[in-house]
Amino acid sequence: MTSTSQRNGQTILELAVSSKSVTSDMVSVERTLLVIGSKNAGKTSLIYSFFDKNEKPKPTLALEYSFARRSGKSLTKDICHVWELGGGLVFKDLLSVIVQKTRGRRLSVVLVLDLSKPDILWNTMEMLLEEIKTHLENVPEIEEYNQINVKNVEDKKYMSPLPIPLMIVGSKYDVYQNFEPAKKRVLCQCLRYVAHTYGASLFFYGVNDAVLVKISKEMMSHYGFGTPYPKNHIYDSNKPLVVPAGSDCFDKIDNHNEAGSIRSMHKYRSVFASNFKQMTLESGTHASSTDNTDPLNDPNYADPLIDESLKKKQEELKLFVDNYEKFLNTGNTKNTSQQV
């Protein structure tokens, strides 16, 4: 005698599987984007484009938080937390707040570089990438979240991807497109090498170009909600680049590389600096200078009112960071979220 109790034509086993599926569908997926980069590079504009927010961006002080919700595969809405670090390198120590808080889980870094200022681009990129790497190394048992589909398998042995996804954004494309073709070729070649080495996506963005805004939303949505990459991939230096992670190829990046020649970050740094003389980010002198004074710690910039305001801002930020997970579960979030 067999026991095949049924309800509405389904066996108990089928009902159990169905119930489990419904339960999993009730759980939303949460991801976090950490947006960093050059000062005044357009980080806030990029976020506003992602949120379809038609407002004039305000200067970002220290670390700003926002989030978006989107209907996904689950019955509840997925959430994308977005943290923006303002001030270029001035507040870089705050990176540890987000990296440690998330422990790298479902965290992606969006590095925005100002294409209109190539004389500080490489130093900004290099220093922020080193900061991110250092903070990630300090996270014990970090979860490997960066799953890259590398098109050219041979390239894997030359790549050093971060344990979390990275997206490099070249902003202010409207200025870059007026550069000399030779300069554009060098800039693209170097950025493609860095992006491919780190297993990062790379694309160019212009706030006044509807096509580039659409691409930026698709790229941000991919990392924020797990949606597909943009369909069109562009590698031509005379056009705005769209290079998803793993889709590039070292041989195509530098097809003039001599046989036996070793590709390295040092080589591309030298190539970039020989075409765009680099300047330090704080003092405005050339890269040989070691002056990197933080104005927050310089008594010459002291201002009691501003210092007190900043202190309160940092205290509020710390309190918010410690409690933002509880905050998101309250009804108060409905007036601050963005529907994507």
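The values are calculated or read from the model by the stated rules, or taken from the named source; none is laboratory data. Fair warning: this is a prediction, and the values are worked out from it, not measured in the lab. Here Cβ is always computed from backbone atoms with ideal geometry, including for glycine, and neighbour counts include all displayed protein chains. Only protein heavy atoms, including side chains, enter the accessible area calculation; ligands, DNA and RNA are left aside. Shrake-Rupley method; radii C 1.70, N 1.55, O 1.52, S 1.80 Å.
Couple of notes before you dig in:
- Test: residue in the stretch 171-190 that is at pLDDT below 95, more than 26 Å from Lys39 (Cβ to Cβ) and not hydroxyl-bearing (Ser, Thr, Tyr): no
- Check on Thr134, open to solvent by less than 10 Å² (accessible area, probe 1.4 Å), assigned to a helix (DSSP H, G or I) and of a type outside the set (D, E, K, R): no
- Qualifying residue in the stretch 142-161 (condition: under 25 Å from Lys39 (Cβ atoms) and touching a residue at least 40 places away in the same chain (Cβ under 8 Å)): no
- The residue that is farthest from Glu180 (Cα to Cα), counting only those in the stretch 95-108 that are touching a Phe, Trp or Tyr at 6+ places or on another chain (Cβ under 9 Å) and of a type outside the set (Ser, Thr, Tyr), is Lys101.
- Of the numbered criteria (1) open to solvent by 50 Å² or more (accessible area, probe 1.4 Å); (2) modelled with pLDDT of 95 or more, the one Asp248 fails is (1).
Rundown of residues vs (1) under 19 Å from the mean Cα position of the chain (by Cα); (2) loosely packed, with under 14 Cβ neighbours inside 10 Å, yes/no style:
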site: Leu121; (1), (2): yes, no
site: Thr124; (1), (2): yes, no
site: Leu129; (1), (2): yes, no
site: Asn138; (1), (2): no, yes
site: Gln147; (1), (2): yes, yes
site: Glu154; (1), (2): no, yes
site: Ser160; (1), (2): yes, yes
site: Pro163; (1), (2): yes, no
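- Total residues in the stretch 216-229 satisfying the condition of being surrounded by fewer than 23 Cβ atoms within 10 Å (Cβ to Cβ) and either in contact with a Cys (Cβ under 8 Å, 6 or more places away or on another chain) or not aromatic (Phe, Trp, Tyr) (or both): the figure is 8.
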